[in-house]
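Presented below is the structure to which this report refers.
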Amino acid sequence: MAIHSDSFEVLRNCRALFIKHLGALLQDSHLVSAPAVAAIQDGAAAYFDEVIATDKRGSFADEVDGLTASRITLLAEDDLELGIRLDNLTARLFENSGDSLWKLHLRFVTLLRRPDLPKSDNPVGPKSICRGLDALFAAAGAGSLDDKLNLLDQFETHLRRNLPGLYAELNAFLENAGIDTAQPAIITAADGTMQPRETPATASGSALQSLQQLLTARLPATPQGAALPSGAAASLLSQSALEQLMFRLEALERIGRFGPPVIPGSKPANEPMMPALFAEGAAPEAPKIIRSGELGIPKTTTESVAIDTLAMIFEAIFADPELPDALKAIISSLQIKLLKMAMKDSTLFTDTAHPARLVLDRMAEAAQGLPLDVSPRHPVCVRLFELASHLRLEPGSDKEAFATTLGDLDALITRRREQIAADAARYQPLLEQLDRQDVLASRVTQIIRAALQKSPPEPVRHFLDRTWRQALLHIGREAGPDSPPWQEYAAAIDELLWSLLPKTAAEERKQLAQRVPPMLRTLKAGMERAGLPNSEQEAFLDTCFQLQTQALRATSGTSTENAGSPSVEPSDRAPGEPVSSQLRSGDLVLLSFDFPEPQSPPARVPAYAPGDWIAAVLGDGEPRTGMVGRISPDTRRVLLLNPETGLAAAVHPAILDHQFRDGSAEIRSSRSLFDLAAQRALGQAGKQAGDA
């Protein structure tokens, strides 16, 4: 594979940055010694070089297929256990790294010109770090398995907290180097087929393949020489048995054996009945899971793999603590519908754009922002239940019915987005008020910075940076930044600094006597407006008098500053911890999350846009979910709204940028429920395999 010289330079610098920051990240953990950190870095670097040097790598399934039973038996039991734990760690870190890792993958696709590059083969992905950990354990030689596993657990905690920030740095580096993200529509699979839908870095294909490989490995051994059919739902049952299975599934669906029971008489004529767990005040019932054993399917069949794969995905969905119970009940009613689809269409597990998968994804998106204890009578829940009921009543198990439901779900999502966007318009005046405050604060900072660059004496420097900054902010809010009072306050700075300069000419001394009284009146009014105590006002004016007296006595070659004091360039203030405040207009209340000192918006273009749902930590330390209703064009302040929880917040973009970098914020509307459940199911299955 030929790499352009510029690309080679970017790759080399990216590799160096990755290894350097990984080393610093590991050292900060204080878990291992410096030589151990170096061993992990060497292993990660070797993996990076291996991916870069390989023209085309096989898919995750190819790697799993190569791990035959004969090869597994060559490994010691402890080594096998350690390998399983490393694989599970890789999967969990993939899931935790989210959107930043997916963007890195797309940038490497562009940089390497490799549209076939699997998501799991990211040169800087979790697999590279786990390769480094493997190298560390290999170099350490003999040692307790329990000690190694305990160290892995500690590493996982540290990596989950810090890897998103590392990946954000690498994304910024590649972006600044001009490496754009590839369009997901042109990425191809290892066999040359298209991957048609843009998804976040879920590696869902690998997760599903791995999950099915794991379940297949648990099947009883086939007779020697017998060939296993391909495909997750490749039939080992006779056609008659398969028809009987489909008939039984339809019967179970009719009687509601695995769907939520219904309330008799709870519907108008010709409309689907509401589930019984939707009764007001009733405790929600745990959704039931359909497994192959409960259907009497022999474990020796690949139908059992398809059924149990889907069962584990539904189990992961029902265990998701971020989904409302009402939504789980609606999704549970579609189990049999999806199971019949899996029996007839194996692409359910391979096609990320399969309508059946997208129906679940869109249902979760339609319910974004609803409280966990939302009433099933909520209009969104009612509409979702109606769509699920109509879908269940559709005969057969082809894609068209799901595609129709998908269109209805998109319409529901669009309607809800438009309603919140209309609500955002009511907050526009308050958002513009905050924007004006931002512009004002920026103007004040420029004026103060210019004054401090003239190196005034320390007491004056402190006065300008603290007291007069507040005076300018107050007068700017009251009268406007272009008003005569504002201009008077801004000019007082120049007058004050001029009064402290040496005055050797008689004309200058005469001007000083004329210009000082009005300047002092302005300073006095500004100090009052800024709330400076009288004692401190008098002390500062006394200091000014002393400095002006020194200036009158000084010659042109002397200065009122202390001899030998260096010129100090003003530095940007530390932004400090975010603070919250409230703005009111009639019955509207807008929370503002900002910094105590002015802070510029980050240089990076945000990944979110109006209409996206974001989960971020706002004030109380708990994640809160809101839709991006507005983004100010000048200040990039973000208006987050969620009418269901009463959230209306204007957030400084630097706060969100920091939280996205450390992983405490995420874009919820870009997640795939089906893919995320597949990854969680894989992690749970791997854990069970490790515990067995």
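Points worth noting:
- Answer residue from region 428-467, given it is within 24 Å of G586 (Cα to Cα) and in contact with a Ser or Thr (Cβ under 7 Å, 6 or more places away or on another chain) and is surrounded by the fewest Cβ atoms within 10 Å (Cβ to Cβ) among those: P429
- Every listed requirement among (1) in contact with a strand residue (DSSP E or B) (Cβ under 7 Å, 6 or more places away or on another chain); (2) surrounded by fewer than 19 Cβ atoms within 10 Å (Cβ to Cβ); (3) not charged (D, E, K, R) is met by P602 save one, (1).
- Checked against the criteria, N176 counts as within 19 Å of V109 (Cα to Cα) and open to solvent by 20 Å² or more (accessible area, probe 1.4 Å).
- Answer from R515, R469, R461 - the residue that is touching a helix residue (DSSP H, G or I) at 6+ places or on another chain (Cβ under 7 Å), basic (K, R) and closer than 26 Å to D634 by Cα: R469
- Residues (open to solvent by less than 10 Å² (accessible area, probe 1.4 Å), touching a Gly at 6+ places or on another chain (Cβ under 7 Å) and acidic (D, E)) located in region 113-134: none
- Complete set of residues in region 583-593 that are open to solvent by 30 Å² or more (accessible area, probe 1.4 Å) and in contact with a strand residue (DSSP E or B) (Cβ under 9 Å, 6 or more places away or on another chain): R584, V589, L591
- Scanning region 408-425 for residues that are more than 24 Å from the chain's Cα centre (by Cα) and either touching a residue at least 60 places away in the same chain (Cβ under 8 Å) or open to solvent by 40 Å² or more (accessible area, probe 1.4 Å) (or both) yields D408, A411, R415, Q419, A422, D423, A425.
- Residue match in region 299-321 (condition: in contact with an Asp or Glu (Cβ under 6 Å, 6 or more places away or on another chain), of a type outside the set (K, R), farther than 17 Å from L384 by Cα and open to solvent by 10 Å² or more (accessible area, probe 1.4 Å)): no
- Taken over region 495-522, the criterion of being in contact (Cβ under 8 Å) with a residue 40 or more places away in the chain and closer than 18 Å to P457 by Cα is satisfied by L496, L497, S499, L500, L501, P502, K503.
- Qualifying helices (runs of 4 or more DSSP H) (wholly inside region 483-580; at least 2 residues being among the polar types (S, T, N, Q) and modelled with pLDDT under 90): 506-530, 534-553
- Listed here are the helices (runs of 4 or more DSSP H) enclosed by region 68-152 that have at least 2 residues being farther than 25 Å from F8 by Cβ and modelled with pLDDT of 75 or more: 77-112, 126-140.
- Check on D634, open to solvent by 20 Å² or more (accessible area, probe 1.4 Å), free of Cβ contacts under 8 Å to residues at least 24 places away in the same chain and over 15 Å from L656 (Cα atoms): no
One line per residue, one yes/no per condition, for (1) of a type in the set (V, I, T); (2) within 30 Å of L647 (Cα to Cα); (3) assigned to a helix (DSSP H, G or I); (4) touching a Phe, Trp or Tyr at 6+ places or on another chain (Cβ under 9 Å):
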position: T309; (1), (2), (3), (4): yes, no, yes, yes
position: I330; (1), (2), (3), (4): yes, yes, yes, yes
position: D351; (1), (2), (3), (4): no, no, no, no
position: L358; (1), (2), (3), (4): no, yes, yes, yes
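- Residue check, R362 in a loop (DSSP other than H, G, I, E, B) and on the phi < 0 side of the Ramachandran plot: no
The values are calculated or read from the model by the stated rules, or taken from the named source; none is laboratory data. These numbers come from a predicted model, not from an experiment. Reconstructed Cβ throughout: ideal geometry from the backbone, glycine too, with neighbour counts over all protein chains shown. Heads up: the accessible areas ignore ligands, DNA and RNA and are worked out on the full protein's heavy atoms, side chains in. Shrake-Rupley method; radii C 1.70, N 1.55, O 1.52, S 1.80 Å.
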